[in-house]
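Notes follow the structure.
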Amino acid sequence: MNILEIQNLNVTFDTEDGQLRALRDVSFNVPEHRIVGIVGESGCGKSTLINSILGLLADNGQVEKGKILFEGQNLTELNSSQLRELRGVRISTVFQDPMGALNPVISVGTQMLHIQYRSSLSKSEKLDNAAEMLRRVRIPDRESALTRYPHEFSGGMKQRIAIAMAMMMEPALLIADEPTTALDATLEVATIELLQDLQQQIGCSVLFISHHLGVIAELCDDVVVMYAGEVVERGTTRQIFYRPMHPYTERLLQCDPAGQSERTRHLPTIPGEIPDLRLRTPGCIFAARCHCREDICDSTPPEVEIEGQSARCHRLVA
Ligand SMILES: Nc1ncnc2c1ncn2[C@@H]1O[C@H](COP(=O)(O)OP(=O)(O)OP(=O)(O)O)[C@@H](O)[C@H]1O
Ligand SMILES: [Mg+2]
């Protein structure tokens, strides 16, 4: 079963220079108990996608077409209070900056009590839950941690507390947007292992956004590759890393910083730039930068599927 199904999603933003088509015909699934990674360069629409799911698009943005099915329910048809009911309970989030999720003037314990406001448990039972959650994210000295304020913890610990809070209500789906990007390499590995453990214990699905291919390879079961607002390829992690079908994926892997020795916070560059999303140029979205480009690429490429892996590229049609 799929926890989340994105079907032919089109999202636009109204701008002074015309309509910007930020997501075009985006489709993919997040199956039960699986970790799905989304990878793509800056501006490819990762945040727009998450905001569409959470019902938090900017005022000038709208879902033009398509469905976002969460546990079978189309989120694009829910009103803001119905979406608020889902957020933090059935769908929770972890972002790059943990302070976005933590209130600086309220103790960690009190914040963890607040998260459980719907529960009928007693206060001491809720505090036990909070301490247990801190144990699961490996925060030492939990009783005293509950009385402390977010700024009293290091960056890595703050992110683990934010993860504990996100997992507190045992969501069906955790959306993690670059949660390890601000951490150093050792902490990044520890946080990835922690997410993996918690995902297995709680049995939730995870939608994990990162531009760091090594992290995606380590953590994810499936990968969705996005380019300039479109899904150009999707498949299992193994398929994407060992047998990429789309030239864009090939290029990403070739310049993967993990294959080089130096650590980087940015995707390695592929010559050229992401196209202007306000212009409606026909044909393959990657054509202008593609090393395999041919005349046929001026027409819309078909989606080709092989053993569950799929990509949009003319080259795949023999
Ligand atoms: N409110 C907005 N109004 C107009 N354009 C927007 C708005 N929000 C995003 N965009 C545009 O939509 C496209 C996708 O942006 P988005 O922030 O989703 O990319 P991203 O993949 O999250 O990038 P990054 O890796 O830098 O976070 C970009 O061209 C961006 O400029
Ligand atoms: Mg973003």
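The values are calculated or read from the model by the stated rules, or taken from the named source; none is laboratory data. Everything numeric in this text was worked out from a predicted model, so none of it was measured. Because the Cβ atoms are built from the backbone with ideal geometry, glycine has one as well, and the counts that use them run over all protein chains shown. Accessible surface is based on the protein model in full, side chains and every heavy atom, while ligands, DNA and RNA are left aside. Shrake-Rupley method; radii C 1.70, N 1.55, O 1.52, S 1.80 Å.
Structure data summary
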{"quantity": "Alpha-carbon centroid distance for the pair the stretch 177-256 / the stretch 30-48, whole angstrom", "calculated": "8"}
{"quantity": "Label-point gap, in nm, between GLU32 and ASP14 - each point 7 angstrom along Cα→Cβ", "calculated": "4.2"}
{"quantity": "Whether the chain is rounded, prolate or oblate, judged on the alpha carbon gyration tensor where a/c under 1.5 counts as rounded", "calculated": "prolate"}
{"quantity": "Length-normalised contact order of the chain in % [C-alpha pairs under 8 Å, at least 6 apart]", "calculated": "21"}
{"quantity": "For the stretch 69-130: span of alpha carbons on each principal axis (Å, largest first)", "calculated": "37, 30, 17"}
{"quantity": "Point-to-point label distance, GLN7-ASN74, nm (Cα→Cβ direction, 7 Å offset)", "calculated": "0.8"}
{"quantity": "Cα gyration tensor shape of the stretch 48-97, rounded if a/c is under 1.5, else prolate or oblate by comparing a/b with b/c", "calculated": "oblate"}
{"quantity": "Sorted largest first, extent of the stretch 102-170 alpha carbons per principal axis (Å)", "calculated": "33, 24, 20"}
{"quantity": "Dipole of the chain, positive end: most advanced residue of LEU23, HIS314, VAL63 [Cβ charges, Cα centre]", "calculated": "VAL63"}
{"quantity": "Beta bridges per DSSP with both ends in the chain, % antiparallel, nearest 5", "calculated": "65"}
{"quantity": "At R0 = 41 Å, FRET efficiency that the Cβ-Cβ distance of GLU85 and GLU193 yields, to 0.05", "calculated": "0.80"}
{"quantity": "C-alpha long axis of helix 155-167 to longest principal axis of the chain, angle in °", "calculated": "90"}
{"quantity": "Gain on full stretching of the segment that runs from ILE306 to LEU56 - 0.36 nm per residue minus C-alpha separation", "calculated": "86.5 nm"}
{"quantity": "Accessible carbon and sulfur surface of the chain relative to its total accessible area, %, 1.4 Å", "calculated": "48"}
{"quantity": "Point-charge dipole on Cβ atoms (K/R +1, D/E -1) for the stretch 102-170, about Cα centre, debye to 20", "calculated": "120"}
{"quantity": "Accessible area expressed per residue, the chain, with surrounding protein chains retained (probe 1.4 Å, Å²)", "calculated": "47"}
{"quantity": "Whole-Hz ³J(HN,Hα) from phi, Karplus 6.51 cos²θ - 1.76 cosθ + 1.60, for the stretch 90-96, glycine and proline x", "calculated": "7, 10, 10, 9, 10, 10, 4"}
{"quantity": "Folded to 0 to 90 degrees: helix 123-136 orientation relative to the chain principal axis, Cα", "calculated": "50"}
{"quantity": "DSSP-assigned coil residues among trypsin sites (Lys or Arg not before Pro) in the stretch 117-146, each with at most 10 further Cβ atoms within 10 Å", "calculated": "ARG118"}
{"quantity": "Approximate spin-label separation SER120-GLU64, in nm, with each point projected 7 Å along Cα-to-Cβ", "calculated": "4.9"}
{"quantity": "Potential extension, ARG148-ARG135 segment - 0.36 nm per residue separation minus Cα distance", "calculated": "3.1 nm"}
